[in-house]
1. So Thr35 ticks every box in (1) open to solvent by 90 Å² or more (accessible area, probe 1.4 Å); (2) among the hydroxyl-bearing types (Ser, Thr, Tyr); (3) outside any strand (DSSP E or B) but one. Which box is left unticked?
2. Could you tell me whether region 114-128 includes any residue that is under 16 Å from the mean Cα position of the chain (by Cα), at pLDDT 85 or above and open to solvent by 70 Å² or more (accessible area, probe 1.4 Å)?
3. Does region 61-99 hold any residues that are modelled with pLDDT of 55 or more, under 20 Å from Glu24 (Cβ atoms) and in a strand (DSSP E or B), and which are they?
4. Can you tell which of Thr58, Thr49 is free of Cβ contacts under 8 Å to residues at least 24 places away in the same chain, closer than 30 Å to Gly110 by Cβ, β-branched (Val, Ile, Thr) and not in a loop (DSSP other than H, G, I, E, B)?
Amino acid sequence: MFGGGGMNPRKMKQMMKQMGIDVEELDAERVVIETADGDDLVFDGAQVTKMDAQGQETYQIVGSPDAVADAGGSASAVEDESGAAAIEDGDSDDAGIPDEDVALVAERAGVPQSTAREALEDADGDLAAAIAELE
């Protein structure tokens, strides 16, 4: 998992746990990174590690990607409040508020995405106002 410069992996894991860093191996079959230039990166069978340090999640992908013109189309996997992945078409809901904005407000305010979406709708899409209303 980690190099550690010759350190025992078990001891490394124990030290990370003491510092409040949780490491979890994810059973990922496919990872897609959509880029702005249109050449998406697709990792098939990659090793994915999730590290949570003081509430900040970091994902590490180990593998060799294939460059693909359009890997996923318009459907994207979005995590709902229960942590389960749901497939949604498009980047925003019917009210015109982007899912990324909803996710950001939900994360910052510590509320479910449905509550965050309502606050954004009430604030006419103003992120700061929605977060302030929820806090």
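1. Only one criterion in (1) open to solvent by 90 Å² or more (accessible area, probe 1.4 Å); (2) among the hydroxyl-bearing types (Ser, Thr, Tyr); (3) outside any strand (DSSP E or B) is unmet by Thr35, namely (1).
2. Residues of region 114-128 under 16 Å from the mean Cα position of the chain (by Cα): none.
Within region 114-128, not a single residue is under 16 Å from the mean Cα position of the chain (by Cα), at pLDDT 85 or above and open to solvent by 70 Å² or more (accessible area, probe 1.4 Å).
3. Within region 61-99, Ile61, Val62 meet the criteria.
4. When all the criteria are applied, what remains is Thr58.
The values are calculated or read from the model by the stated rules, or taken from the named source; none is laboratory data. Since the model is a prediction, treat every value here as computed from it, not as a measurement. Heads up, the Cβs are rebuilt from the backbone with ideal geometry, glycines too, and the neighbour counts pull from every protein chain shown. Heavy atoms of the whole protein, side chains included, go into the accessibility calculation; ligands, DNA and RNA do not. Shrake-Rupley method; radii C 1.70, N 1.55, O 1.52, S 1.80 Å.
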